Amino acid sequence: MPASIPEKRLKLCLLASEIAPFAKTGGLADVSAALGRFLHERQHDVRLFLPLYRRVRAQHTLTPVEGLQEIGFRLGDRLVGCSVWRAQLPGSDCAVYCIDNREMFDGDSLYTGGRHDALRFLFFCRAVLEICQRMGFGPDVFHCNDWHTAMLPLLLKTDYAWDRLFHHSKTLLSIHNLGYQGLFSAEPLLARGLFSQPGLLHQEDLAAGRINFLKTGILFATGLSTVSRTYAREIQTAEYGVGLEGYLRLRDQDLYGIVNGVDYGDWDPAHDKLLPARYGPEDLQGKRICRDRLLQQMGLRAVHGRVPVLGVVTRLTPQKGLSLLFEPLPRFLRSRDMRVVVLGSGAASLEQDFRDLQGMFPGRVCYYQGYNNKLAHWIEAGSDIFLMPSLYEPCGLNQMYSLRYGTVPVVRRTGGLADTVEHFQARTRQGTGFVFEHFNSQGLTWALGTALEVFRFENIWHKLMLNGMRQDFSWQRQGPRYEWLYKKLMAGR
Ligand code: ADP
Ligand code: GLC
């Protein structure tokens, strides 16, 4: 759909540790890519920045950016350097600038999980500012995402405060997940002179010997956003604030909840090239083909008649609440015919639990350990029910993908799940999924049990699927909220 031209062309610098399809471990990658694509379509001058990880170098076409090869700058007590390579967002001619420094980014994974990450992402933030300077690009807004880029607002107020190029620049910090804050031991970072004004860092943290990157961003960014309205409220409470609730309450007036969009260019069964068959609300034949191929591919017994297929695609972390599954699933599997397909990797204990479940129900449960984008699409299309019992969920994309694929989500009422899935009422036939309140297996048992009951009634289920398939969470709807917020920040609030 051609986007209309906005009145003012904004200059935007969007930096993230993940941008799909180049580097992805979760939803942040999908969101930064799709928002970049949307803003570019709206004809803003939006420039995306990403570390040049080894996998990006190995798998994508990159061209060196003239004038930005082997540039040098100071990082604390060291002189460091980087080169910039240009990649293109698929489906767009929006540029992604990949920052190349092998010592920092040439590892097997995006994150080391150790203290080297502090240096890597401080380097990244500085490199972005250095490159903007050399491009003569003074963004209206630097849009930072999560802890990896949360130090940029402080850098802008200290080491780069002298540069007139950035005098009007505002900063927006989007929080995609408060569970990851970038908490590091202060001493090694201070010893390397990485902070020119340590007096501006959080003094109690410093006294306790640590620096919290996300907290620093929360204190220094011009504006804050998170990825759903409900999560914006939740993170101001002790239950969900992970220790930062007080700081977020302090900045309540500057904190906005904007529900993520879905890139229907990638996630729509009507033209999803990864699927064995395509379908839409008018003709659901293809969904059955997707189900049969999925079961076959996963080595599960074929189904005849109304046998539900349950799907899970997820990182295996406590956030996703998967531990709740291990009571109701065996119970339902014993009492009725159904299939369960799980894709995910992460915590070893959860991986083992899913392997055990598969062992208990051979031919009916399949657990695929790993990361597999094509299989994620196949599960979205081939399942009837999608399980997402999250402990917390800033937004969540899979439930929105499920809705579009006619796969009914069973979710807990938290964060973005609460904002995007409406509990189905059989009486009025309104609603799009099954929503439970309390984080315990009774709650999930109730929601899943209700879903399985409704599934028996083909006509009602069909209506429920269509309710979901007709929802619109496109970036055409969600993206303008970011444009509004950028302008609000620029206007001085
Ligand atoms: P989060 O970012 O917390 O992991 P989201 O629901 O926002 O949760 O986004 C998850 C994204 O990552 C989705 O695009 C999902 O399909 C993808 N994903 C998660 N785990 C896997 C996996 N094991 N294989 C393929 N894709 C995955
Ligand atoms: C995070 C959250 C997820 C959200 C995603 C993109 O990884 O866990 O809920 O959808 O970021 O914003």
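Miscellaneous remarks
- Complete set of residues in segment 402-417 that are open to solvent by 10 Å² or more (accessible area, probe 1.4 Å) and either within 12 Å of ligand 2 (Cβ to nearest atom) or outside any helix (DSSP H, G or I) (or both): ARG412, ARG413
- For segment 371-401, a residue qualifies if it is open to solvent by 20 Å² or more (accessible area, probe 1.4 Å) and within 9 Å of ligand 1 (Cβ to nearest atom), and the qualifying residues are TYR371, ASN372, ASN373, LYS374, ASN398.
- Looking across segment 295-332, the residues that are closer than 18 Å to GLY370 by Cα and β-branched (Val, Ile, Thr) come down to VAL312, VAL313, THR314, THR317.
- One residue stands out in segment 50-88 among those that are assigned to a loop (DSSP other than H, G, I, E, B) and touching a residue at least 60 places away in the same chain (Cβ under 8 Å): the one that is most open to solvent (accessible area, probe 1.4 Å), namely ASP77.
- Residue within segment 100-119 that is within 30 Å of GLU483 (Cα to Cα) and hydrophobic (A, V, I, L, M, F, W, C) present: yes
- Residue that is in contact with a Gly (Cβ under 7 Å, 6 or more places away or on another chain) and either of a type in the set (Lys, Arg) or away from ligand 1 (no atom under 16 Å from the Cβ) (or both), where the choices are GLY67, GLY72: GLY72
- Of the criteria (1) surrounded by fewer than 24 Cβ atoms within 10 Å (Cβ to Cβ); (2) within 16 Å of ligand 2 (Cβ to nearest atom), which one PHE361 fails: (2)
- Scan of segment 304-331 for residues that are in contact with a strand residue (DSSP E or B) (Cβ under 9 Å, 6 or more places away or on another chain) and assigned to a helix (DSSP H, G or I), ordered by number: LYS320, LEU322, LEU324, LEU325, LEU329
- Residue check for LEU201: over 27 Å from the mean Cα position of the chain (by Cα), modelled with pLDDT of 95 or more and open to solvent by 30 Å² or more (accessible area, probe 1.4 Å): no
- The listed residue being at negative phi, more than 16 Å from ligand 2 (Cβ to nearest atom) and part of a strand (DSSP E or B), out of ILE218, ILE289, ILE211: ILE211
- From the options ARG47, ARG42, ARG37, residue that is within 23 Å of HIS148 (Cα to Cα), open to solvent by 10 Å² or more (accessible area, probe 1.4 Å) and away from ligand 2 (no atom under 16 Å from the Cβ): ARG47
- Boolean, SER335 is at pLDDT 95 or above, loosely packed, with under 14 Cβ neighbours inside 10 Å, more than 16 Å from ligand 2 (Cβ to nearest atom) and assigned by TED's automatic domain parsing to the domain that holds GLY415: yes
- Segment 418-457: number of residues that are open to solvent by 10 Å² or more (accessible area, probe 1.4 Å), assigned to a strand (DSSP E or B) and among the β-branched types (Val, Ile, Thr): 0
- Members of segment 461-475 that are open to solvent by 30 Å² or more (accessible area, probe 1.4 Å) and in contact with a helix residue (DSSP H, G or I) (Cβ under 7 Å, 6 or more places away or on another chain): GLN471
The values are calculated or read from the model by the stated rules, or taken from the named source; none is laboratory data. Just so you know, these numbers come straight off a predicted model, no measurement behind them. As a convention, Cβ positions derive from the backbone with ideal geometry for all residues, glycine included, and neighbour counts pool all protein chains shown. Each accessible area value is taken on the protein alone, full model and side chains, heavy atoms only, with ligands, DNA and RNA left out. Shrake-Rupley method; radii C 1.70, N 1.55, O 1.52, S 1.80 Å.
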